[in-house]
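Asks: After the structure tokens below, expect a handful of questions from me.
Values quoted throughout were computed directly from the atomic coordinates according to the rules given, and no laboratory measurement underlies them. Given the structure is predicted, the values throughout are model-derived calculations rather than measurements. Every residue, glycine as well, gets a Cβ built from its backbone with ideal geometry; the counts of neighbours run over all protein chains shown.
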Amino acid sequence: MNIRQNIDSHGYTQLGLLFSLIFGGIVFYFCWLVVPFYYYYYDLEGLMQAQANKAQVLTDKEIRKNILKHIDKIGVPIDREDDLRIYRSHNKIEISLAYSEVLYVDLGEDRVYDLHVFDFYPHAEGDL
């Protein structure tokens, strides 16, 4: 029994290998598109927590300015600046935001297909 017969008898054909490579490439491509969504979410949540920790010396206006500047820098899609909520109570501060990222495929000529909408809710709390 030679090597070729051994490979064919186990179902590993060239066509099967081709389909496996194509499928693996598609999965890798979509992972490549989705991973930045989560990276920016955790980055934004970390910044919000840092701002909440410094809230004793920062005003709400300064916190909002710092976070919105970062949001603009990384390109997180928010509808309105008022979506960024800063709430202070007696000895706590809460910072939150709700936004969505859309995974889509653009096939050109006005053929854009939305595949999935990812909803994110970064949130941070701190003591005053």
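Asks: Residues with beta-carbon under 9 Å from that of Lys92, excluding Lys92: net charge, scoring Lys, Arg +1 and Asp, Glu -1?
Replies: For residues surrounding Lys92, the net value is -2.
Asks: Sticking with this one: If the chain were replaced by its equivalent ellipsoid, with semi-axes equal to the square roots of 5 times the Cα gyration tensor eigenvalues, what would those be, largest first, whole Å?
Replies: The three semi-axes for the chain are 48, 18, 10 Å.
Asks: Divide by every residue of the chain the summed helix terms, -39500 (n - 2.57) for each DSSP H run of at least 4, and state the resulting mean residue ellipticity at 222 nm, rounded to the nearest 500 deg cm²/dmol.
Replies: That calculation yields -17000 deg cm²/dmol at 222 nm.
Asks: Relative contact order (percent) for region 35-127, with alpha-carbon contacts under 8 angstrom and 6 or more residues of separation?
Replies: 33 percent
Asks: With a sphere of radius 15 Å drawn around the Cβ of Glu81, what net charge do the other residues whose Cβ falls strictly inside it have (Lys, Arg +1; Asp, Glu -1)?
Replies: Taking every Cβ under 15 Å from that of Glu81, the sum is +1.
Asks: Find out how many positive minus negative residues lie around Tyr104, taking Lys and Arg as positive, Asp and Glu as negative, among other residues whose Cβ is under 14 Å from that of Tyr104.
Replies: Around Tyr104, the surrounding residues sum to -3.
Asks: If you place +1 on the Cβ of every Lys and Arg and -1 on the Cβ of every Asp and Glu, how big does the dipole about the Cα centre of region 15-128 come out, in debye to the nearest 20?
Replies: Once rounded to the nearest 20, the dipole reads 440 debye.
Asks: For the charge dipole of region 53-101, defined by +1 on Lys and Arg C-beta atoms and -1 on Asp and Glu C-beta atoms about the Cα centroid, which residue among Asn53, Ser100, Pro77 has the Cα displaced farthest towards the positive pole?
Replies: Asn53
Asks: Helix 60-74: angle to the longest alpha-carbon principal axis of the chain, degrees 0 to 90, nearest 10?
Replies: On a 0 to 90 degree scale, this one is about 20.
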